[in-house]
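Working notes, structure below.
The values are calculated or read from the model by the stated rules, or taken from the named source; none is laboratory data. If you're wondering where the values come from, they're calculated on a predicted model, not measured in any experiment. Note that we place each Cβ from the backbone using ideal geometry, even for glycine, and neighbour counts take in every protein chain shown. The accessibility values were calculated without ligands, DNA or RNA, using every heavy atom of the protein model including side chains. Shrake-Rupley method; radii C 1.70, N 1.55, O 1.52, S 1.80 Å.
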Amino acid sequence: MRHILHADLDAFYAAVEQLDNLDLAGKPILVGGRPENRGVVATASYEARQFGVHSAMPMRTAVQRCPHGIIVSPRFARYREKSNEVMAIFRDFTDSVEPLSLDEAYLDITSLIDRGEKPLAVALDLKSRIFNETGLRVSVGVGTCKTVAKIGSDLDKPDGLVVVQPGEEAKFLAPLSVGKLWGIGPKTAERLNRENIKTIGELAEKPLEWFARIFGKRATNLRDKSMGIDNEAL
């Protein structure tokens, strides 16, 4: 049995800016281009997100929603530097690491669990080390597959921790919004909602023939993921 951990740094670019400049700590930060230059938000701090600001939003809109937001130009070299620090910690835990971007990665921690460590203990240790050694906070999801781990890491942000026990995958996924499932975009979620399919559990109840009609070649893959079955390798 595999044990997969997904780690996702919280509001990464904004967190680095607040870490490097204590005057920005606790303030609404908008990392991105200037509104007069049609800039967009790369990352917003959680203080700014309370005003409805999110990544990829036009900076002009972000400033309208969060007038007191502090616009900070991105420093990608610095973000790569901090990302490298975090990835090095990941690789201290396991050689099997799959980075998805500067701020998130999958870790296969099966070998640690097989030698007696508990998934919760591994996750807590990882979160503690990242904070103590880099000053950054990370949200973590742990499960038996990528799908469950990634959804878990997103559920309790910021500084979240969700561990799904083996055999509990389908039960964990069932009440969640169908849009949480990897591969279900906003438009597809709207279409499913119109068919009265609002949760992953309701999606999982559909027969394979229905999946084939709706999703074509992706039918089996999406049906399995809706049930918490995902054998995709790192």
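Identify, among ALA42, THR61, VAL138, the residue whose Cα sits farthest towards the positive end of the charge dipole of the chain, taking +1 on the Cβ of Lys and Arg and -1 on the Cβ of Asp and Glu, with the dipole about the Cα centre.
So the residue we want is THR61.
Would you please state which residues of region 145-171 a label at ASN193 would reach in this model, taking the label point 7 Å out along Cα→Cβ and a backbone N cut-off of under 12 Å?
none
Taking only protein heavy atoms and a 1.4 Å probe, what accessible area per residue, in Å², does region 1-115 have with all protein chains in place?
Normalised by residue count, the accessible surface of region 1-115 is 50 Å².
Which percentage, to the nearest 5, of the DSSP beta bridges contained in the chain is antiparallel?
So the antiparallel bridges in the chain amount to around 75 percent.
Take the residue pairs LYS82/LYS171; LYS150/LYS217; LYS157/LYS217; LYS118/LYS198; LYS118/LYS217 and return only those whose Cα atoms are more than 28 Å apart. Don't jump to the answer; show the numbers that get you there.
Numbers: LYS82/LYS171 36 Å; LYS150/LYS217 23 Å; LYS157/LYS217 33 Å; LYS118/LYS198 33 Å; LYS118/LYS217 37 Å.
Result: LYS82/LYS171; LYS157/LYS217; LYS118/LYS198; LYS118/LYS217 exceed 28 Å.
Do you know the relative contact order of region 167-234, to the nearest whole percent, from alpha carbon pairs under 8 angstrom that are 6+ apart?
37 percent
Leaving out ligands, DNA and RNA, what percent of the accessible area of region 108-215 is carbon and sulfur, probe 1.4 Å?
Looking at region 108-215 in its full context, I get 50 percent from C and S.
Rounding to the nearest 20 debye, state how big the charge dipole of region 1-150 is about its Cα centre with +1 on each Lys and Arg Cβ and -1 on each Asp and Glu Cβ.
Result for region 1-150 is approximately 500 debye, rounded to the nearest 20.
Under the definition of Cα pairs under 8 Å and six or more residues apart, what whole-number percent is the relative contact order of region 119-234?
Value for region 119-234: 21 percent.
Label points 7 Å out from Cα along the Cβ direction at GLN64 and ASP20: separation in nm?
3.1 nm
Evaluate E = 1/(1 + (r/R0)^6) for ARG78 and GLU209, where r is the Cβ-Cβ distance and R0 equals 35 Å; express this FRET efficiency to the nearest 0.05.
So, using R0 = 35 Å, E works out to roughly 0.10.
Which Cα, out of GLY201, VAL162, THR188, lies furthest along the positive dipole direction of region 67-214 (beta carbon charges, K/R +1, D/E -1)?
It is THR188.
With the other protein chains left in place, how much accessible area per residue, in square angstrom, belongs to region 130-234 at a 1.4 angstrom probe?
Values: 5470 Å² over 105 residues.
Accessible area per residue, region 130-234: 52 Å².
To the nearest 0.05, how large is the calculated FRET efficiency for ASP154 and SER128 if R₀ is 22 Å and r is the Cβ-Cβ distance?
0.60
So for region 1-120: antiparallel DSSP bridges make up what percent, rounded to the nearest 5?
On the way: 13 of 16 bridges.
Bridges in region 1-120 are about 80 percent antiparallel.
Rounded to a whole number, what % of the accessible area of region 1-43 do carbon and sulfur atoms account for, probe 1.4 Å?
50 percent
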